[in-house]
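Right, one structure below, let's go through it.
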Amino acid sequence: MARIKKLRQKGFTIVDNTVIEDTELSWKAKGVFLYLWSKSDDWQFYEVEVTKHAKDGRDSLRSALKELETKGYLKRTRNRNDKGQVTNSDWVLSEKPMLKKATQENPIQENDTLPSTDSTKYLLNQELNNSCSSKQLDETNAFVAYQMSGATLNGQTMPMLTDYVQRLGNDLVCHAIGIMSVGAEHPNFKFLQRILDSYENTGITTVEQAIEVEKQFKAKKQQRANSNSYTNKTNEAW
């Protein structure tokens, strides 16, 4: 047994003991909750910035946020404009679960594939472009687009893809899947993840922004190619 003596300092955070004493929460989730709770109401969450303040890394942060959301301590809502594009998101953090009963995710075995249901069977028969451009923007469309690209979803990649759709929106994820389908010899989640992470790291939230950045990248690439070609021809002339 050990007694704890508290050395109180200035700059403290008051929080209800419910979240601290919740045995269904991991220590990681409790820590992330306290960090977020200590911030002001107008504080803006940036994943890249928050990750720098702990040694766990990005994946640990994401899983903690997902756990808080599942248990009802965090509610994330995506806001869309008139075109259905994700513009920003609102987060609600609560000291007590906002759900009458905390939801539990169905356990997924490591090598499980996407469950086959009447809904997914129907969607799998649709064209890839239709699934991505559908006005009904939901996560299923991104799942279908990913599988129709030739890549495979399993127990590890499915929840990760779900998180990306929740953060970036179906349209932008589908756009990245299209790039992966063309750019990857063998479409896979790591290739897609690099694209999606680059969107988050550079603040891209819409397909239009992604297309503009891609145009600029291609233009610079072509400019370098033209410059190298000119240099080589000059050297040959000499």
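Using a 1.4 Å probe on the protein heavy atoms only, what accessible surface does E200 show? Give it in Å² to the nearest 10.
Its heavy atoms expose roughly 40 Å² to the probe.
Would you please give the residues with an amide H less than 5 Å from that of S89, counting only those at least 5 places away or on a separate chain, with H modeled from the backbone geometry?
Result for S89 returns N79.
What distance in nm separates the simple spin-label points at S26 and S198, each placed 7 Å from Cα in the Cβ direction?
3.0 nm
Only residues of region 152-172 count here: report those whose backbone N is under 19 Å from the spot 7 Å along Cα→Cβ of F217, or say none.
In region 152-172, the label zone of F217 (backbone N under 19 Å from the point 7 Å along Cα→Cβ) covers 164-165, 168-172.
What is the distance, in nm, between label points placed 7 Å from the Cα along the Cα-to-Cβ direction at N17 and at K96?
1.5 nm
With every protein chain present, what accessible area does L99 have (1.4 Å probe, heavy atoms only), rounded to the nearest 10 Å²?
Probe radius 1.4 Å; accessible area of L99 about 70 Å².
The values are calculated or read from the model by the stated rules, or taken from the named source; none is laboratory data. The model shown is predicted, which means the values in this text are computed figures rather than measured ones. Cβ sites come from the backbone with ideal geometry, for glycine too, and all protein chains shown count toward neighbours. Heads up: the accessible areas ignore ligands, DNA and RNA and are worked out on the full protein's heavy atoms, side chains in. Shrake-Rupley method; radii C 1.70, N 1.55, O 1.52, S 1.80 Å.
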